[in-house]
Amino acid sequence: MCRHVAWLGAPRTLAELLLEPEHGLLRQSWEPRRQAHGTVNADGWGVGWYSPARPEPARWRSSRPVWAEASLASVAPHVASGCVLAAVRSATVGMPGDESACAPFARGRWMLSHNGVVDRAVLPAEAWPAAESVCDSAVLAAHLLAAPEELAERIAAAGAADPAARLNVLATDGERLLATAWGDTLSVLRTPDGVVLASEPFDDDPAWCDVPDRTLVTVTPDGVELTRLEAP
Ligand code: GLN
């Protein structure tokens, strides 16, 4: 089970979001606090963010552990964005190890990260040609980003078809965040200038709230909405 985090709000640097929080994604790569599946997240990492220059996100992904990414500490304080999505990976047995299997996956303006596991056999064959990797998360991302407006229904359908699946995803088009809690932890932090969604709190701020399982979270500049995910 990997760990992921997203921000929507006033511009923040990658350092502020990922490296500086005491229990941020960097620390979570070797010492997550709420991870139920796997112990360390050393099988790669990735971050995507938006800039006014173009609608598609920039992405930086790597198969190294994030703590071994020697240039990140110098670059991260220089990159600021109002919408960021990042992940550290603990690869599922049998999945490829190269960076194309690391989140965030992308399609057009959208990008997506998956914490969990899903039987690829329950995903439609049409998803495969668009997948960036044969990794289950990449095929799931291709399936979900083919119709982002159906994300909630597609998660619930995949969960019904594969009862062992864990389907926590984080997706964004730069203007809103969509997240699901389905089998793993998810927390939300509302701040005066934006919202954080994360697999687990990155600090001990009492304002963090746990999201109930089987919930869709939608974050827009207007606020945060939680909707129950119903099995079809
Ligand atoms: N199944 C995905 C992979 O192999 C995600 C794993 C996870 O969430 N740890 O990368």
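Bear in mind these aren't lab numbers, they're just calculated from the coordinates by the rules spelled out. Here the structure is a predicted model, which means the values were calculated and not measured. Cβ: placed from backbone, ideal geometry, glycine included. Neighbour counts: every protein chain shown.
Each residue of region 140-156 was assigned a 3J(HN,Hα) from its phi angle through the Karplus curve 6.51 cos²θ - 1.76 cosθ + 1.60 (θ = phi - 60°); the sequence is 4, 4, 4, 5, 6, 7, 5, 8, x, 5, 9, 4, 4, 5, 5, 5, 4 Hz, with glycine and proline shown as x. Put in order of Cβ neighbour count within 10 Å, fewest first, the listed residues His114, His23 become His23, His114. Once the C-beta distance of Thr191 and Thr215 is scaled by a Förster radius of 22 Å, the resulting FRET efficiency is 0.60 to the nearest 0.05. Each residue of region 133-139 was assigned a 3J(HN,Hα) from its phi angle through the Karplus curve 6.51 cos²θ - 1.76 cosθ + 1.60 (θ = phi - 60°); the sequence is 7, 7, 3, 3, 5, 6, 5 Hz, with glycine and proline shown as x. Residue-wise HN-Hα couplings along region 215-228, as the Karplus relation 6.51 cos²θ - 1.76 cosθ + 1.60 with θ = phi - 60° gives them from phi, are 10, 9, 10, 10, 10, 10, x, 7, x, 10, 10, 10, 10, 5 Hz; Gly and Pro carry x. Semi-axis lengths, largest first, of the ellipsoid equivalent to the chain are 24, 20, 18 Å, with √(5λ) applied to each eigenvalue of the Cα gyration tensor.
Fewest first, what order do Arg64, Arg228 take by the number of other Cβ atoms within 10 Å?
Working: Arg64 16, Arg228 10.
So the ranking, lowest neighbour count to highest, is Arg228, Arg64.
Under the rule a/c < 1.5 gives rounded, and otherwise a/b versus b/c splits prolate from oblate, where does region 187-232 land using the Cα gyration tensor? Let's see the in-between values first.
On the way: a/c = 3.02, a/b = 1.46, b/c = 2.07.
Verdict is oblate for region 187-232.
If the segment from Glu230 to Ser74 were pulled out straight at 0.36 nm per residue, it would be longer than the present Cα-Cα gap by 51.8 nm.
For region 44-137, just say rounded, prolate or oblate: build the C-alpha gyration tensor, square-root its eigenvalues into a ≥ b ≥ c, call rounded for a/c under 1.5, and beyond that prolate if a/b exceeds b/c, oblate if not. Provide the component values of the computation, followed by the final result.
Numbers: a/c = 2.69, a/b = 1.40, b/c = 1.93.
Here region 44-137 falls in the oblate category.
Rounded to 0.05, the FRET efficiency of the Arg109 and Asp203 pair, given R0 = 30 Å and the Cβ-Cβ distance, is 0.50.
What's log10 of I(q)/I(0) for region 71-200 at q = 0.13 Å⁻¹, Debye sum over Cα points only, no solvent? The calculated log intensity ratios at q = 0.13 Å⁻¹ are -0.53. Kindly state, to the nearest 0.05, the FRET efficiency for Asp119 paired with Glu16, given R0 = 25 Å and r defined as their beta-carbon distance. Approximately 0.10, to the nearest 0.05. Remark: spin-label model distance Glu31-Ser100 equals 3.7 nm, labels positioned 7 Å along the Cα→Cβ axis.
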